Each structure stands twice: as C-alpha cells, then as structure tokens.
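What follows is one structure encoded as structure tokens, with my remarks underneath.
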Amino acid sequence: LQPKEEVARFMRAADAFVLASRYDNNPSALIEALASGLPVVATDVGGIPELVDERAGVLARAEDSASLAARIGELLDDLDRYDRGAIAEAARARFGRERIGRELAEVYAEVTAARG
C-alpha cells in the first residue's frame with residue numbers, strides 16, 4: 001500500500017494504465033489513472049465501458065489474454081494520439097470535487113425538502 005501522493009507520482013510518470021478486471025463496476029484505480037491523464041486499456045466489464053471512450057483508451061474482452069495483449073499493443077503503437085491533458089480534464093469534470101460536491105449538495109437539498 002502506497003500513500004496517495006506516491007501513487008499519483010507513479011501514474012504521472014507512466015505511459016499508460018492497464019486494468020484486466022473480470023468484473024468491476026466503477027474502479028477507483030481506473031478513475032485515478034484517467035485523472036492522471038493516462039490512456040488506458042481496460043476490460044469491457046461492468047461500468048468500465050462507460051468510463052473509457054476512444055479519447056481515453058481502448059477496451060479488451062474480459063478473460064481473453066489475446067484480446068488484452070492486442071489492445072495493449074494497439075494503444076502503445078498509437079500512444080501519441082492520446083491527449084493526456086484532455087483525458088485528465090474529462091475525468092476532473094466527471095469525478096472532481098466540484099462536480100461530486102454539487103451532486104451531493106443537490107441530493108441533500110432534495111432529502112431536506114422532502115422531509116419538510
């Protein structure tokens with residue numbers, strides 16, 4: 001287990017991030033990688049396809065090592081096409097403190113109003 005700052009430093013120094021999940025819904029490691037601006041290769045399970053679009057990376061078939069290897073190769077061959085700043089900005093817009101705080105405040109306001 002590494003401190004958050006160390007994990008962030010490792011991610012910023014990396015070229016890409018790979019997540020070979022057999023099942024997952026909203027993996028925080030994937031969100032952290034995107035927030036670091038890393039293009040990703042991830043498997044097409046659970047909620048992952050909702051997190052990874054063509055601007056952020058590629059999807060491989062779950063439990064298919066040949067698919068995963070091929071997609072890693074494709075990403076690395078085309079690494080220059082990914083805009084790390086745009087990947088990070090999209091992740092911040094979707095998962096950043098401001099957005100999450102605003103959504104939590106909205107839910108709190110709805111609950112408070114409903115309770116009268």
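The values are calculated or read from the model by the stated rules, or taken from the named source; none is laboratory data. Just so we're clear, the structure is a prediction, and the values are computed from it rather than from any experiment. Counting neighbours? That spans all protein chains shown, and the Cβs are built from the backbone with ideal geometry, glycine included. Note: accessible area is taken over every heavy atom of the protein model, side chains too, but ligands, DNA and RNA are not part of it. Shrake-Rupley method; radii C 1.70, N 1.55, O 1.52, S 1.80 Å.
Things to note:
- Extension gain, Arg55 to Asn25, is 8.8 nm, computed as 0.36 nm per intervening residue step minus the present C-alpha separation.
- Toward the positive end of the charge dipole of the chain, with +1 on the Cβ of Lys and Arg and -1 on the Cβ of Asp and Glu, the farthest Cα among Ala14, Pro49, Ala114 is that of Ala114.
- Charge dipole (Cα centre; +1 on Lys/Arg Cβ, -1 on Asp/Glu Cβ; no other charges) of the chain amounts to roughly 420 debye.
- Anisotropy class of the range 20-84 from Cα gyration tensor, a/c 1.5 cut: oblate
- Averaged over its residues, the range 1-49 has an accessible area of 57 Å² per residue, based on protein heavy atoms and a 1.4 Å probe.
- The chain: angle of helix 84-95 to the longest principal axis, Cα-based, in degrees nearest 10: 30 degrees
- From phi via Karplus (6.51, -1.76, 1.60), per-residue ³J(HN,Hα) for the range 75-83 in Hz, x at Gly/Pro: 4, 5, 5, 10, 4, 5, 7, 8, 9
- Under a model in which nothing but the beta-carbon of Lys, Arg (+1) and Asp, Glu (-1) is charged, the range 57-114 shows a dipole of about 200 debye around its Cα centre.
- Percent accessible area from carbon and sulfur atoms, the chain, protein chains only, probe 1.4 Å: 52 percent
- The range 59-116: C-alpha gyration tensor shape, a/c 1.5 cut-off, then a/b vs b/c: oblate
- Positive minus negative residues near Leu38 (Lys, Arg vs Asp, Glu; Cβ under 10 Å): 0
- Cα-centred dipole magnitude for the range 47-89, charges only on beta-carbon of K, R (+1) and D, E (-1), debye, nearest 20: 60 debye
- Using 0.36 nm per residue and subtracting the Cα-Cα separation, the extra length available between Ile100 and Ala13 on full extension is 28.7 nm.
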